[in-house]
Amino acid sequence: MTIVTPGRLSHMNAVIPDYQEAVKHFIEVYDGNFMLDLPGPNWNACLIEIGGVITEFFGPFNFMLNSRNGAHWLGVEYEAPMKESRAAVAANKMRILRDLEVAFHTDPADGFGVDYELYEGTFFGPDAPNVQAHTRDPDYWRNEHPAGVTGPVCYTQACASLDATGALLENLFGSTCIYDVERPALAARARGYLVSD
């Protein structure tokens, strides 16, 4: 079976009710690096880097409508080649909701609550072509920024079935389970999967 061979985790998505205040907060309080303005007909959006982690913030123009009908899922973008990504998504019977040719979004209903966005490109590094400000050097985040944060460790996805969600990660990305533990304080079980480096 064809699998997606993801490169790095590109970014996570956050849908927020007060776009201007949130952007101001992350820039002024966390010294966020405003990388790219992405206005659209239905929302304002931008990429902000903090600690080597990029987040795409969305501010829908009609937040009440958006909060009633969605987005109630996790949005995660990985760098990945398009041809194999499309084949892997089709093999796993996942629908594509939005197709931009160099990137696409899967239907979160097919990803146990996750919209996987796969992008044949990068926003990282001094040569990234599609940004207004490039990512800062990891040394800056590690040694100069007060938080000393240098990149993501993981993200958490709550799901109804660990087995089904884990099988999707294994089949779609070739992921491997790296831990499986009880979380008694939550009355839950947790599994960690390695998706990309």
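The values are calculated or read from the model by the stated rules, or taken from the named source; none is laboratory data. These figures come from a predicted structure and were not determined experimentally. For neighbour counting, all protein chains shown are included, and Cβ atoms are generated from backbone atoms with ideal geometry for every residue, glycine included.
For the stretch 9-41, give me each residue that is without any contact (Cβ under 8 Å) to a residue 12 or more places away in the chain and not basic (Lys, Arg). Walk me through it before giving the result.
Looking only at the stretch 9-41, we keep the residues that are without any contact (Cβ under 8 Å) to a residue 12 or more places away in the chain, and these are 21, 24-25, 28-29, 39-41.
Result: Glu21, His25, Glu28, Val29, Pro39, Gly40, Pro41.
Take Gly174 and tell me if it is surrounded by fewer than 18 Cβ atoms within 10 Å (Cβ to Cβ) and at pLDDT below 95. Lay out the reasoning, then the answer.
Working: surrounded by fewer than 18 Cβ atoms within 10 Å (Cβ to Cβ): yes; at pLDDT below 95: no.
For Gly174, the condition - surrounded by fewer than 18 Cβ atoms within 10 Å (Cβ to Cβ) and at pLDDT below 95 - is not met.
If you check Thr176, Thr106, Thr165, which single one turns out to be touching an Asp or Glu at 6+ places or on another chain (Cβ under 7 Å) and polar (S, T, N, Q)? Steps first, answer last, please.
Working: Thr176 fails: touching an Asp or Glu at 6+ places or on another chain (Cβ under 7 Å); Thr165 fails: touching an Asp or Glu at 6+ places or on another chain (Cβ under 7 Å).
After applying the criteria, what remains is Thr106.
Which strands (runs of 3 or more DSSP E) sit wholly inside the stretch 95-187 and have at least 2 residues that are closer than 14 Å to Ser85 by Cα?
Ranges flagged: 96-99, 103-106, 114-119.
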